[in-house]
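The values are calculated or read from the model by the stated rules, or taken from the named source; none is laboratory data. From a predicted model like this one, the values you see are computed outputs, not experimental measurements. All Cβ positions, glycine included, derive from the backbone under ideal geometry; neighbour counts span all protein chains shown. Side chains included, ligands, DNA and RNA excluded: accessible areas come from the protein's heavy atoms. Shrake-Rupley method; radii C 1.70, N 1.55, O 1.52, S 1.80 Å.
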Amino acid sequence: MQRTIYHIITLSLFMSLLGCGSKTSEDRSAEGQNTEKIDHRVFVSKAQFERSKMALGHIELKSFPITVQSSGTIDVPPENRAVVSATMGGYIKTVPLLIGDKVRKGQVLLTLENPDFIRLQQNYMEVNEKLTFLKSEYERQKTMMAEHITSQKSFLQAESTYKTALATYNGLRKQLRLLNISPSQVESGKVTSIVRIYAPISGSVTKVNVSRGTYVSPASSIMEIINNDHIHLELSVFEKDIMKLKKGQEINFKVPESSTDVFAAEVHLIGTAIEDNRTIKVHGHLKNEEQAHFLPGMFVEAEIITDTTEVHAISETAVVAIENAHSLLKLNEITEDAYYFDQVSVKTGSTYNGEVALTEMQGVTTEDTILTKGAFHLLSGD
């Protein structure tokens with residue numbers, strides 16, 4: 001009996017010691033977990049930094065423009081755009097030009113044919129032949145009237161006939177010149193049924209609305225020529241921004257459909273009438289027209305600089321946008337073989353010349369060093 005009691009006591013002591021050891025082990029394990037530090041910094045080795053051509057910089061106070069947003073088109077002055085039409089109707093005999101062809105002022109564009117051209121020349125020749133006789137008769141009656149040899153009625157009739165014929169002669173002569181037919185050649189007996197239409201300006205053919213055999217009337221648009229030597233901006237600015245505009249302000253614009261490059265212009269004229277859509281027209285002159293090959297009708301997006309303001313800014317490549325949140329990497333520590341960065345949230349404003357304005361930047365100052373190139377790949381996980 002005593003031996004059994006002894007075994008029970010011994011077993012109880014052993015189990016008690018075993019429980020204490022397990023609890024001590026658990027306490028030590030928990031203590032180890034509590035004292036372990038978790039590093040949330042972004043690690044970049046110096047080898048990776050150099051291989052990826054990363055760069056460091058600082059937030060700086062810079063002048064940013066205050067702008068008015070607008071849109072519009074590339075255009076040319078009215079005198080650089082010509083619509084070619086016929087003075088008299090006719091059938092197209094030749095039309096050798098295509099869209100895009102270059103033409104010079106005075107070059108033959110096409111030829112027209114019409115029997116009416118012949119009748120016009122015949123009428124001119126008939127009046128021209130009569131005019132010499134009528135003038136002679138008028139001068140004779142005038143002399144006789146001065147000597148009281150003829151009656152006033154005969155003189156007035158001769159005068160009226162001559163002046164009517166002279167007016168008809170001058171009118172027909174003018175019509176021939178409008179048709180590019182030489183009156184002197186008609187007077188020498190050279191009659192033609194074909195007339196030539198010449199280019200009114202130098203430029204490029206942008207529209208051809210006819211083909212051979214087409215009948216065109218004086219109201220018909222045969223083709224269009226545009227001279228691109230001088231182009232400008234035609235912008236539309238909303239009514240609320242009109243009072244901010246004045247002549248000479250700088251314009252930065254781009255053609256979003258063809259390029260991301262930004263070009264410079266300046267405000268040359270401001271319209272004086274508000275359109276139906278509550279906008280006003282602003283005419284801008286390019287500072288360097290040879291900088292790019294613009295075409296009339298191109299859509300442009302523009303910013304008119306009305307003032308400047310001082311803001312904190314940094315390179316656009318330093319700020320990473322992920323799910324509508326903006327962050328940058330602030331240098332925390334440099335070791336022998338690595339860089340450590342802290343991720344800091346910021347809020348951004350407008351951009352200008354490759355830099356972005358920071359409207360809120362808690363946790364970072366102008367004294368901090370920022371990763372200005374390479375942050376996107378580190379924070380996006382690419």
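Structural remarks
- Segment Ile274-Glu60, length gained on full extension (0.36 nm per residue, minus Cα span): 72.9 nm
- Straightening the chain between Ile322 and Glu360 buys 12.0 nm, computed as 0.36 nm per residue apart minus the Cα-Cα spacing.
- Evaluated at q = 0.09, 0.11, 0.16, 0.22 Å⁻¹, a Debye calculation over the C-alpha positions of segment 228-343 (equal weights, vacuum) places log10 I(q)/I(0) at -0.42, -0.57, -0.87, -1.23.
- Annotation note: GluC sites (Glu not before Pro) in segment 191-285 located in DSSP loop regions with a Cβ neighbour count of at most 13 within 10 Å are Glu257, Glu275.
- Taking the C-alpha atoms only, the angle from helix 2-35 to the longest principal axis of the chain is near 30 degrees.
- Selected from Leu172, Leu328, Leu156 as most flexible by GNM, with the chain as the system and alpha-carbon contacts under 10 Å: Leu156
- Long-range amide H partners of Thr359 with built H, under 5 Å: Lys347, Thr348, Gly349
- Structure note, pairs Lys105/Lys207; Lys244/Lys347; Lys281/Lys347: Cα-Cα distances above 23 angstrom occur for Lys244/Lys347; Lys281/Lys347.
- Annotation: amide H of Asn332 within the under-5 Å range of Tyr340, Phe341, Asp342, sequence separation 5 or more or interchain, hydrogens built in the peptide plane.
- Computed on the chain, with alpha-carbon pairs under 8 angstrom and 6+ residues apart, the relative contact order is 26 percent.
- For Thr214, residues with placed amide H under 5 Å, excluding near neighbours: Ile92
- Karplus 3J(HN,Hα) series, Hz, for segment 43-55 with 6.51 cos²θ - 1.76 cosθ + 1.60 (x for Gly, Pro): 9, 9, 6, 5, 5, 5, 4, 6, 5, 8, 6, 6, 9
- Computed over protein heavy atoms with a 1.4 Å probe, the carbon and sulfur contribution to the accessible area of the chain reaches 51%.
- Separation in nanometres of the label points that stand 7 Å from Cα toward Cβ, at Asp116 and Lys46: 9.1
- Once the Cα atoms are used to define both axes, helix 115-146 deviates from the longest principal axis of the chain by about 50 degrees.
- The convex hull drawn around the Cα atoms of segment 290-382, when projected onto a plane and averaged over every direction, covers 10.0 nm².
- Met361 accessible area, assembled protein chains, probe 1.4 Å, Å²: 40
- Where [x] 5, 20, 28, 23, 12, 4, 2, 2, 2, 1, 1, 0, 0; [y] 4, 18, 19, 10, 6, 8, 10, 11, 8, 5, 1, 0, 0; [z] 4, 13, 13, 12, 12, 10, 9, 7, 5, 4, 4, 2, 1, 1, 1, 1, 0, 0, 0 are the candidate values, the label of the one calculated here for P(r) over Cα pairs in 10 Å bins from 0, in percent is [z].
- Segment 359-369 - phi-based ³J(HN,Hα) in whole Hz, Karplus 6.51/-1.76/1.60, Gly and Pro as x: 8, 9, 8, 5, x, 8, 10, 5, 7, 6, 8
- Segment 117-221: radius of gyration over Cα atoms, expressed as a fraction of 2.2 N^0.38 Å: 1.58
- Charge dipole (debye, nearest 20) of the chain; +1 at Cβ of Lys and Arg, -1 at Cβ of Asp and Glu: 2220
- Angle in degrees between helix 152-178 and the longest Cα principal axis of the chain, rounded to the nearest 10: 30
- Proximal lysines to Lys174, defined as alpha-carbon separation beneath 19 angstrom and excluding residues fewer than eight positions away on the same chain: Lys130, Lys163, Lys190
- GNM remark for the chain: springs join alpha carbons under 10 Å apart, and the peak mean-square fluctuation among Arg51, Arg196, Arg278 falls on Arg51.
- Here the relative contact order of segment 150-282, from alpha carbon pairs under 8 Å that lie six or more residues apart, stands at 15 percent.
- For segment 296-348: relative contact order, % (alpha-carbon pairs under 8 angstrom, 6 or more apart): 24
- Highest-fluctuation residue, Phe155, Phe299, Phe117 considered, GNM on the chain with Cα pairs under 10 Å: Phe155
- Accessible surface area normalised per residue over the chain is 63 Å², counting heavy atoms of protein chains with a 1.4 Å rolling probe.
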